[in-house]
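*Asks:* Mind looking over this structure? Questions follow.
The values are calculated or read from the model by the stated rules, or taken from the named source; none is laboratory data. Fair warning: this is a prediction, and the values are worked out from it, not measured in the lab. Note that each Cβ is placed from the backbone with ideal geometry, even for glycine, and that neighbours are counted across all protein chains shown. Heavy atoms of the whole protein, side chains included, go into the accessibility calculation; ligands, DNA and RNA do not. Shrake-Rupley method; radii C 1.70, N 1.55, O 1.52, S 1.80 Å.
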Amino acid sequence: MSSSTANFDKTKAFLIDTTKCTGCRGCQVACKQWNQLKAEDTKFFSGEGYQNPPLMSEYTFTRVKFKDYQKNGQNEFAFYKEMCMHCNEPACASVCPVGAFKKTAEGPVIYDAKRCIGCRFCMIACPFGVPKYEWSKAFPLVRKCTGCYSRVKEGLQPACATACPTAISYGSRAEMLKEAGKRLKNRPERYYNAIYGKDEAGGTSILYLTQQPLDELGFKPVTKRSLPSYTWQALRLVPGIFLTVGGGLSLVSWFNHRKERIKREQDQLNGAAAPENKEVDR
Amino acid sequence: MTAAARIIINEIKGYHNFLKLMIALVGLGVLASAVRFVLGLGVTTNLNDVYPWGLWISFDVVTAVPLAAGAFTLGAIVHCFHIKKLEPLVRPAIVTGFLGYSLVSVGLLLDLGQPQRAWHTMVYWNVHSPMFEVSMCIMAYTTVLFLEFLSPVCEKFGYHLPLRVLRWLEMPLVIGAASISTLHQSSLGTFFLIAVDKLHALWYNPLLPLLFWMSAIFTGISIIILEATMVHRFMGQPDESELLEVLTKILPWVLGVYLVVKLAATTLLSHGPLFDRPSLLALFLAEIIIGVIAPMFMFMKREYREDQRMQLRGATLVIAGLVLNRFNVSMFGMEQPDQLIYYPSIIESLVTIGIIAAHILFFVLVAKYFPIFEHHPETVDYSIPDHARRIEPDGGSHGKKSETVA
């Protein structure tokens, strides 16, 4: 696990400008194609809005969420591409007992299906609700966006970023943060003044710019602290506690046994005349 | 039909109807788990991407582990703090613990998506994972309990050399048991520290591991009281309520410290609103009042501590409160206001009922065939003789002091 002082500026990051998203869902299709994912049946109005499918799933690693709202008496749409946030210090990687998740040097958080034992702790841990399970299978595995690691390590851009005509920029995290800051500064009337993902969960590789306040768009409020630090503050005490409890109990029992042995020896000295009195004390 | 099978069937025919019911429930549980493996988790359980952990984690793992805590608590009390008159309670507690942990492992394996890879935890280490820590500890502790459980088995079959080895290992095992248990009982609480924005502030606080550990201690003590009383009532064993009185003296102290830490952690250390969800608040109050405050005040009274029926009632309250607490942390408190509510499917429930039935069944059977209750360590001489042979060459019954060596 990287410490909080580690520098993630050089990892690759997405800058998703939802004000530029046209809702074409080219990213959703490109993702399905590159990852060879099955299509899902279209069901209208099955979720909270117009989006389809209603939720990310084992077959859908990314999808565009729709949000309608009113502005100056006009009906407007906002779009928000949902995907794995590829946290700088991912909770899934920290809680996985067999280390099936890994934050790569390039940025994507990848999953090793060969290691996974299927405990689903990653799903409990992820604050964004990203890892999905193959509920259809007898021996299921976890499925999630890989950040197109197979493409990124060959110098290509992720499938969704390549397909997106308008909203997604892809580059080093430092560059993307700079670009996002520039846009916020140059057009303050266009943007809600926040970069989602800059500090969320200790910083993520996906950065969002929005027009609407984040919570109205359905962005979850997430702690700014890196999640692994929450469990590590308890787990780092483990060796110490083990030694303290073990050592303490050893001392206590040594002391108590010694006390009893001395008592027994004294009893033997005193009661040598009547040996059948004291034999129970072992 | 072979002769051996006929003997077994005849033996089972002689069992009490209650045991036959338990056998039937275990059978149903086995069937249900077979169905789970054939058809898959998604079809047979009500788990989904929103509720990846359900009844099997909430009860079979998170609740059953503290319920099996009697062995380490009592082991430490008797052997380390040397309250030797409680010794007769140790063996039943060890059997309960060993069965409890074995069945926790079964529950875990059923819940895993890839149970055939459970050994991966031993090969691919991730020391940052509380789950890694718990699985290593549970494997180690089940081994320790198995070794402790070997004593009555060796006695039954008269293997005296291993008995001496076990006797020599006793103290290291007891101390190992207590330290390993401290680690994994608390780490079950660490599990939920990662769910910062999911677990409700009534339960989420950084002291969750400490609270889990302390509640395991008072639950372990209460389980021993419950078990000894039940065994007295239904299995014709002697009344141990005088011994249990010692335990009921310890209980209010542990409960009191727990209450103070819990209230302090909830009010001072939690981040987030405490009173925004009335149903969760009710669950929280129920857990504290039923499981902590009521039994604490009960056991502060001398006449309640001495009365066998009150002992049983108090212990039952503590256990009920613990079960509620674990469900609150792992299930109810994790539910977000706008989500559908999870409830276990029939298959999930049958498996859990089967596991509980298996525990009762195996306990009764072990008690029936192995010397669990009539154990009097002071009467057996474990000193190494000149040559390794039986201490009791006359094949005398257990608990009789051997003439030849003494």
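*Asks:* Can you tell me which residue among B:23, B:57 is among the aliphatic types (A, V, I, L, M), assigned to a helix (DSSP H, G or I) and surrounded by 19 or more Cβ atoms within 10 Å (Cβ to Cβ)? Don't jump to the end; show me each part of the working.
*Replies:* Numbers: B:23 fails: surrounded by 19 or more Cβ atoms within 10 Å (Cβ to Cβ).
Within the list B:23, B:57, the selection yields B:57.
*Asks:* Right, something else. Kindly provide the set of residues from the stretch B:15-36 that are in contact (Cβ under 8 Å) with a residue 40 or more places away in the chain and within 14 Å of another protein chain (Cβ to nearest Cβ), ordered by number.
*Replies:* Once the filter is applied, which keeps residues that are in contact (Cβ under 8 Å) with a residue 40 or more places away in the chain and within 14 Å of another protein chain (Cβ to nearest Cβ), the stretch B:15-36 yields B:33, B:35, B:36.
*Asks:* Out of all the residues in the stretch B:305-346, which are of a type in the set (Val, Ile, Thr) and touching a Phe, Trp or Tyr at 6+ places or on another chain (Cβ under 7 Å)? Even if it seems obvious, please write down each step before you answer.
*Replies:* To start, the set of residues in the stretch B:305-346 that are of a type in the set (Val, Ile, Thr) comprises B:316, B:318-319, B:323, B:329, B:341, B:346.
Residues satisfying the conditions are B:318, B:329.
*Asks:* Filter the stretch A:170-211 down to residues that are of a type in the set (S, T, N, Q) and part of a strand (DSSP E or B) and give me whichever is least open to solvent (accessible area, probe 1.4 Å).
*Replies:* From the stretch A:170-211, those of a type in the set (S, T, N, Q) are A:172, A:186, A:193, A:204-205, A:210-211; that's our starting set.
Next cut, part of a strand (DSSP E or B) only: A:172, A:204.
Values: A:172: 24, A:204: 0 Å².
Step by step, filter the stretch A:170-211, then rank; the result is A:204.
*Asks:* Right, next: Here are some residues: A:149, A:170, A:111. Which one is hydroxyl-bearing (Ser, Thr, Tyr) and closer than 30 Å to residue B:36 by Cα? Quick ask: steps written out before the conclusion?
*Replies:* Values: A:149 fails: closer than 30 Å to residue B:36 by Cα; A:170 fails: closer than 30 Å to residue B:36 by Cα.
Exactly one of A:149, A:170, A:111 is hydroxyl-bearing (Ser, Thr, Tyr) and closer than 30 Å to residue B:36 by Cα, namely A:111.
*Asks:* Select from the stretch A:112-141 the residues that are aromatic (Phe, Trp, Tyr), in contact (Cβ under 8 Å) with a residue 60 or more places away in the chain and either more than 7 Å from every other protein chain (Cβ to nearest Cβ) or open to solvent by 10 Å² or more (accessible area, probe 1.4 Å) (or both) and list them in ascending order. Step through it out loud before you land on a result.
*Replies:* Kept after step one, since they are aromatic (Phe, Trp, Tyr), are these residues of the stretch A:112-141: A:121, A:128, A:133, A:135, A:139.
Among the residues that remain, those that are also in contact (Cβ under 8 Å) with a residue 60 or more places away in the chain are: A:128, A:133, A:135.
Hits for the stretch A:112-141 are A:128, A:135.
Here's the yes/no breakdown for (1) open to solvent by 40 Å² or more (accessible area, probe 1.4 Å); (2) more than 30 Å from residue A:250 (Cβ to Cβ); (3) modelled with pLDDT of 90 or more:
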position: B:33; (1), (2), (3): no, yes, yes
position: B:42; (1), (2), (3): no, yes, no
position: B:52; (1), (2), (3): no, yes, yes
position: B:64; (1), (2), (3): no, no, yes
position: B:82; (1), (2), (3): no, no, no
position: B:95; (1), (2), (3): no, no, yes
position: B:102; (1), (2), (3): no, no, yes
position: B:106; (1), (2), (3): yes, yes, yes
position: B:111; (1), (2), (3): no, yes, yes
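*Asks:* Still on this model: Go through the residues of the stretch A:77-91 one by one and say whether even a single one is surrounded by fewer than 16 Cβ atoms within 10 Å (Cβ to Cβ), closer than 27 Å to residue A:24 by Cβ, more than 10 Å from chain B (Cβ to nearest Cβ) and basic (Lys, Arg). Break it down into steps so the answer makes sense when it comes.
*Replies:* The first filter runs over the stretch A:77-91 and keeps only residues surrounded by fewer than 16 Cβ atoms within 10 Å (Cβ to Cβ), leaving A:77.
Now drop any that are not closer than 27 Å to residue A:24 by Cβ, which leaves A:77.
Restricting the remaining residues to those that are more than 10 Å from chain B (Cβ to nearest Cβ) gives A:77.
Going one step further and asking which of them are basic (Lys, Arg), we end up with none.
Among the residues of the stretch A:77-91, not one is surrounded by fewer than 16 Cβ atoms within 10 Å (Cβ to Cβ), closer than 27 Å to residue A:24 by Cβ, more than 10 Å from chain B (Cβ to nearest Cβ) and basic (Lys, Arg), which makes the answer no.
*Asks:* Could you please give the count of residues in the stretch B:219-244 that are among the polar types (S, T, N, Q) and either open to solvent by 10 Å² or more (accessible area, probe 1.4 Å) or touching a His at 6+ places or on another chain (Cβ under 9 Å) (or both)? Can you show your working first?
*Replies:* Let us first name the residues in the stretch B:219-244 that are among the polar types (S, T, N, Q), namely B:219, B:222, B:229, B:237, B:241.
Applying the additional criterion that residues be either open to solvent by 10 Å² or more (accessible area, probe 1.4 Å) or touching a His at 6+ places or on another chain (Cβ under 9 Å) (or both) yields B:237, B:241.
Selection size over the stretch B:219-244: 2.
*Asks:* For the stretch A:5-52, how many residues meet the condition of being on the phi > 0 side of the Ramachandran plot and touching a helix residue (DSSP H, G or I) at 6+ places or on another chain (Cβ under 6 Å)? Before the answer, list the steps.
*Replies:* Let us first name the residues in the stretch A:5-52 that are on the phi > 0 side of the Ramachandran plot, namely A:23, A:25, A:36, A:45.
In the following step, the residues that additionally are touching a helix residue (DSSP H, G or I) at 6+ places or on another chain (Cβ under 6 Å) were identified as none.
Number satisfying all stated conditions: 0.
*Asks:* To continue, here is another question. Residues that are in a loop (DSSP other than H, G, I, E, B) and more than 30 Å from residue B:56 (Cβ to Cβ): does the stretch A:116-129 have at least one?
*Replies:* Checked the stretch A:116-129: no residue is in a loop (DSSP other than H, G, I, E, B) and more than 30 Å from residue B:56 (Cβ to Cβ).
*Asks:* How many residues, within the stretch A:94-110, are within 13 Å of chain B (Cβ to nearest Cβ), open to solvent by 10 Å² or more (accessible area, probe 1.4 Å) and either farther than 20 Å from residue B:135 by Cα or not in a strand (DSSP E or B) (or both)?
*Replies:* Count: 4.
*Asks:* Tell me whether the stretch A:47-54 contains one or more residues that are surrounded by 18 or more Cβ atoms within 10 Å (Cβ to Cβ) and either assigned to a helix (DSSP H, G or I) or not aromatic (Phe, Trp, Tyr) (or both). Step through it out loud before you land on a result.
*Replies:* To start, the set of residues in the stretch A:47-54 that are surrounded by 18 or more Cβ atoms within 10 Å (Cβ to Cβ) comprises A:51-52.
When the remaining residues are screened for being either assigned to a helix (DSSP H, G or I) or not aromatic (Phe, Trp, Tyr) (or both), the result is A:51-52.
Yes, the conditions are met somewhere in the stretch A:47-54.
*Asks:* OK, next. Anything in the stretch B:266-322 that is touching a His at 6+ places or on another chain (Cβ under 8 Å) and of a type in the set (A, V, I, L, M, F, W, C)? List them, or say none.
*Replies:* Scanning the stretch B:266-322 gives a single hit, B:280.
*Asks:* OK, next. From the set of residues in the stretch B:112-133 that are under 20 Å from the mean Cα position of the chain (by Cα) and touching a residue at least 60 places away in the same chain (Cβ under 8 Å), which is farthest from residue A:238 (Cα to Cα)?
*Replies:* Among them, the one singled out is B:131.
*Asks:* Going through the stretch B:245-281 one residue at a time, which ones are among the β-branched types (Val, Ile, Thr) and surrounded by 13 or more Cβ atoms within 10 Å (Cβ to Cβ)? Show your work before the answer.
*Replies:* In the first step, residues of the stretch B:245-281 are kept if they are among the β-branched types (Val, Ile, Thr); the result is B:246, B:248, B:250, B:254, B:257, B:260-261, B:266-267.
Matches in the stretch B:245-281: B:246, B:248, B:250, B:254, B:257, B:261, B:266.
*Asks:* Being acidic (Asp, Glu) and more than 7 Å from every other protein chain (Cβ to nearest Cβ) is the filter here, so list the residues in the stretch A:218-277 that pass it.
*Replies:* Correct list: A:265, A:267, A:276.
*Asks:* Within the bounds of the stretch A:147-156, is there any residue that is of a type in the set (Gly, Ala, Ser), open to solvent by less than 30 Å² (accessible area, probe 1.4 Å) and either within 8 Å of another protein chain (Cβ to nearest Cβ) or without any contact (Cβ under 8 Å) to a residue 24 or more places away in the chain (or both)? Lay out the reasoning, then the answer.
*Replies:* Start the filter on the stretch A:147-156 by keeping residues that are of a type in the set (Gly, Ala, Ser), which leaves A:147, A:150, A:155.
Those left that are additionally open to solvent by less than 30 Å² (accessible area, probe 1.4 Å): A:147.
Adding the requirement that they be either within 8 Å of another protein chain (Cβ to nearest Cβ) or without any contact (Cβ under 8 Å) to a residue 24 or more places away in the chain (or both) leaves none.
So far as the stretch A:147-156 goes, no, none of its residues is of a type in the set (Gly, Ala, Ser), open to solvent by less than 30 Å² (accessible area, probe 1.4 Å) and either within 8 Å of another protein chain (Cβ to nearest Cβ) or without any contact (Cβ under 8 Å) to a residue 24 or more places away in the chain (or both).
*Asks:* Right, another one. Test residue B:201 against the stated conditions and say whether it is over 27 Å from residue B:299 (Cβ atoms) and more than 10 Å from chain A (Cβ to nearest Cβ). Break it down into steps so the answer makes sense when it comes.
*Replies:* Numbers: over 27 Å from residue B:299 (Cβ atoms): yes; more than 10 Å from chain A (Cβ to nearest Cβ): yes.
Criteria met by residue B:201.
*Asks:* Something else: If residue A:30 passes every condition in (1) part of a loop (DSSP other than H, G, I, E, B); (2) out of contact with any Phe, Trp or Tyr (no Cβ under 9 Å at 6 or more places or on another chain); (3) open to solvent by less than 40 Å² (accessible area, probe 1.4 Å) but one, which one does it miss?
*Replies:* The single condition residue A:30 does not satisfy is (1).
*Asks:* Open to solvent by 40 Å² or more (accessible area, probe 1.4 Å), farther than 30 Å from residue B:192 by Cα and in contact (Cβ under 8 Å) with a residue 40 or more places away in the chain: which single residue out of A:163, A:167 fits that description?
*Replies:* Details: A:167 fails: open to solvent by 40 Å² or more (accessible area, probe 1.4 Å).
Being open to solvent by 40 Å² or more (accessible area, probe 1.4 Å), farther than 30 Å from residue B:192 by Cα and in contact (Cβ under 8 Å) with a residue 40 or more places away in the chain holds for just one of A:163, A:167, which is A:163.
*Asks:* Has the stretch B:113-120 got any residue that is modelled with pLDDT of 90 or more, under 20 Å from residue B:189 (Cα atoms) and more than 8 Å from chain A (Cβ to nearest Cβ)?
*Replies:* No, the stretch B:113-120 contains no residue that is modelled with pLDDT of 90 or more, under 20 Å from residue B:189 (Cα atoms) and more than 8 Å from chain A (Cβ to nearest Cβ).
*Asks:* Among the numbered conditions (1) open to solvent by 30 Å² or more (accessible area, probe 1.4 Å); (2) of a type outside the set (A, V, I, L, M); (3) within 30 Å of residue A:232 (Cα to Cα), tell me where residue A:61 comes up short.
*Replies:* With respect to (1) open to solvent by 30 Å² or more (accessible area, probe 1.4 Å); (2) of a type outside the set (A, V, I, L, M); (3) within 30 Å of residue A:232 (Cα to Cα), residue A:61 is out only on (1).
*Asks:* Just one of the numbered conditions (1) more than 10 Å from chain B (Cβ to nearest Cβ); (2) within 27 Å of residue B:204 (Cβ to Cβ); (3) in contact with a Gly (Cβ under 7 Å, 6 or more places away or on another chain) is not true of residue A:55; which one?
*Replies:* (1)
*Asks:* Quick one: is residue A:78 among the small types (Gly, Ala, Ser) and assigned by TED's automatic domain parsing to the domain that holds residue A:215?
*Replies:* Values: among the small types (Gly, Ala, Ser): yes; assigned by TED's automatic domain parsing to the domain that holds residue A:215: yes.
Criteria met by residue A:78.
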